[in-house]
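One structure is given here, and the rest of the page talks about it.
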Amino acid sequence: MQLYIGNKNYSSWSMRPWVLMRHFGIAFDEVMVRFDDHMSPASRFRRTMLEVNPAGRVPVLVEDGFAIWDTLAIVERLAEKFSEHALWPPDAKQRARARSLCAEMHAGFAALRSHCPMNIEASLPEIGARVMREQANVASDLARIVEMWSGQLDSSGGPFLFGNFCAADAYFAPVCARVRTYALPVPEPVIAYIDRVWRSPGVAAWVAEALQEKEFLDFEEPYRKDRV
């Protein structure tokens with residue numbers, strides 16, 4: 001299997017399946033297609049990804065020449081193919097709840113995504129404070145995430161959302177990154193959960209490699225002119 005991804009520092013969508021596969025020891029070949037101005041006709045990223053899938057985006061899982069795109073579709077295929085791993089919770093109702101949380105993230109939280117784009121290398125607490133003051137929808141998104149995580153951690157007893165690390169935790173790893181980068185205000189139990197996610201094997205590996213990229217892409221940087 002091959003997994004096509006974008007830059008680890010910026011690509012929140014790519015992070016999800018990569019982290020999940022690395023956590024569970026599922027073998028794959030990484031194909032890094034570095035971001036560029038994908039709106040340009042000369043975009044190498046766009047041309048490359050259109051050769052792999054009609055959406056022209058990452059991530060894409062290629063299995064025996066067959067392309068699967070969209071993170072939820074990739075996770076479901078992995079869960080089918082590697083049923084020996086508990087990528088979803090073992091209990092049927094808990095699986096349904098985990099899928100509900102992932103689907104809510106998949107389809108929503110546009111304000112948080114827009115105003116706090118993932119940038120693992122950066123530290124932008126002043127921007128986070130300003131965004132929380134000026135963007136009510138970001139504060140609303142964050143409140144819903146805190147409610148979601150707190151309720152699920154209380155229900156499962158932790159240490160992860162459904163007890164053991166699963167697809168839901170991988171799915172929310174980019175949100176953990178955003179909270180850290182922008183120092184978004186969350187309660188102590190949520191901070192502790194984020195720290196556990198950050199130390200989990202797949203996430204820790206992704207973060208370490210993101211920090212090694214040493215690239216500054218201005219079109220991914222709404223708040224900085226260069227790396228500090």
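Is there a residue being over 18 Å from residue 59 (Cβ atoms) and either crowded, with 16+ Cβ neighbours inside 10 Å or not aliphatic (A, V, I, L, M) (or both) anywhere in the stretch 167-175? Can you show your working first?
Pass one, the stretch 167-175, residues over 18 Å from residue 59 (Cβ atoms): none.
The answer is no, given that none of the residues of the stretch 167-175 is over 18 Å from residue 59 (Cβ atoms) and either crowded, with 16+ Cβ neighbours inside 10 Å or not aliphatic (A, V, I, L, M) (or both).
Here 44, 34 are screened, and the one residue that is touching a residue at least 24 places away in the same chain (Cβ under 8 Å) and surrounded by fewer than 16 Cβ atoms within 10 Å (Cβ to Cβ) is 34. Against the list (1) of a type outside the set (Val, Ile, Thr); (2) under 17 Å from the mean Cα position of the chain (by Cα); (3) under 23 Å from residue 33 (Cβ atoms), the condition residue 222 fails is (2).
Going by the structure shown, is residue 37 out of contact with any Gly (no Cβ under 7 Å at 6 or more places or on another chain) and over 26 Å from residue 112 (Cα atoms)? Spelling it out, it is not the case that residue 37 is out of contact with any Gly (no Cβ under 7 Å at 6 or more places or on another chain) and over 26 Å from residue 112 (Cα atoms). The sole residue among 128, 151 that is out of contact with any strand residue (DSSP E or B) (no Cβ under 6 Å at 6 or more places or on another chain) and surrounded by fewer than 18 Cβ atoms within 10 Å (Cβ to Cβ) is 151.
Against the numbered list (1) within 30 Å of residue 96 (Cβ to Cβ); (2) surrounded by fewer than 23 Cβ atoms within 10 Å (Cβ to Cβ); (3) among the β-branched types (Val, Ile, Thr), residue 138 comes up short only at (2).
Just the residues that are polar (S, T, N, Q) and exposed (fewer than 13 other Cβ atoms within 10 Å of the Cβ), please, taken from the stretch 91-125.
Scanning the stretch 91-125 gives a single hit, 100.
Right, residue 89: of a type outside the set (S, T, N, Q), more than 18 Å from residue 148 (Cβ to Cβ) and either modelled with pLDDT of 95 or more or touching a Lys or Arg at 6+ places or on another chain (Cβ under 9 Å) (or both) or not?
No, not satisfied.
The values are calculated or read from the model by the stated rules, or taken from the named source; none is laboratory data. A quick note: this is a predicted structure, and the numbers were derived from the prediction, not measured. Every residue, glycine among them, receives a Cβ derived from its backbone with ideal geometry; neighbour counts consider all protein chains shown.
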